[in-house]
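Bear in mind these aren't lab numbers, they're just calculated from the coordinates by the rules spelled out. Predicted model only: the values in this text are computed from it and were never measured. Ideal geometry is used to build each Cβ from the backbone, glycine not excepted, and the neighbour counts take in all protein chains shown.
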Amino acid sequence: MPSTRRPKLAVWKFASCDGCQLSLLDCEDELLQVAEVIEIANFPEASRAVVRGPYDLSLVEGSITTPHDAERIHKVRRASKFLVTIGACATSGGIQALRNFADVNQYIPLVYASPETIQVLNKSTPIADHVFVDFQLRGCPINKRQLVEVLSAFLNGRKPNTPPHSVCIECKRQGTVCVMGNAGAHCLGPVTQAGCGALCPSYRRSCYGCFGPKETPNTHSLSQWWSSHGMMNADICRAYRGFNAYAEAFRRESEAREK
């Protein structure tokens with residue numbers, strides 16, 4: 001009787017803080033169940049053991065910031081049947097994409113003792129700018145339950161079921177009082193994708209967009225509301241420039257307010 005081969009999983013790191021990889025390790029009991037049906041073939045954060053590809057599924061964390069990584073991501077893509085990006089860095093360039101709005105060469109000498117040794121691209125860009133991506137899982141960090149859903153969907157040959165709606169919907173479902181309507185806070189919840197469980201509004205803090213733009217976000221309308229309540233253009237611009245500053249919807253609106 002022929003043996004059933006377990007699909008090979010690889011986890012790759014580019015420019016990032018490792019937080020999304022740690023979310024995978026934080027799955028604990030779920031990860032043990034996953035390991036029974038998936039062979040974790042390449043995951044340096046968890047094990048030094050490496051099984052050669054090709055890989056059935058690759059999870060990619062981090063953005064592309066160096067010429068070396070711009071080449072390496074193509075090797076990862078060629079070695080992967082399915083490729084899923086995880087986290088704000090991989091899906092929108094991450095917090096390091098703030099340099100995309102300035103000249104990175106002005107900052108290198110301020111950070112590094114030997115700036116001449118640094119080889120870096122002018123911009124920090126998401127993985128999808130370089131190779132085809134099968135699915136993008138947003139968040140900074142990602143929601144571990146959503147990650148388990150992605151793995152389950154892969155194993156069962158279906159599309160992952162992750163919410164496209166806004167954080168505002170999560171607030172309503174939980175009965176959380178709206179920090180915009182009740183306290184006049186400058187909250188990104190109306191344009192930010194759900195996934196965090198409306199964590200910040202539940203503590204009476206404004207959402208600051210760690211899951212990136214929701215499906216069809218109306219950032220212009222939100223900015224107009226902020227402006228009508230006394231928020232200056234410079235502050236509106238800064239609000240969109242967080243973990244997902246280079247996500248298209250946030251980038252467009254921040255640049256419009258910068259002018």
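Annotation: of all residues in the range 9-34 being among the charged types (D, E, K, R) and at negative phi, the one that is farthest from the chain's Cα centre (by Cα) is D29.
Within the range 126-156, the set of residues being in contact with a Gly (Cβ under 9 Å, 6 or more places away or on another chain) and β-branched (V, I, T) comprises I127, I142.
Here's a check for you: in the range 44-97, which residue that is in a strand (DSSP E or B) and surrounded by fewer than 21 Cβ atoms within 10 Å (Cβ to Cβ) is farthest from the chain's Cα centre (by Cα)? Filtering the range 44-97 for residues that are in a strand (DSSP E or B) and surrounded by fewer than 21 Cβ atoms within 10 Å (Cβ to Cβ), the one farthest from the chain's Cα centre (by Cα) comes out as V50. Residue count for the range 27-43 under the criterion of being surrounded by 12 or more Cβ atoms within 10 Å (Cβ to Cβ) and part of a helix (DSSP H, G or I): the result is 6.
So that you can scan it fast, the table gives a plain yes or no per residue for (1) without any contact (Cβ under 8 Å) to a residue 24 or more places away in the chain; (2) not aliphatic (A, V, I, L, M):
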| site | (1), (2) |
| --- | --- |
| A10 | no, no |
| D18 | no, yes |
| Q33 | yes, yes |
| S47 | yes, yes |
| L57 | no, no |
| T66 | no, yes |
| V76 | no, no |
| V84 | no, no |
| I108 | yes, no |
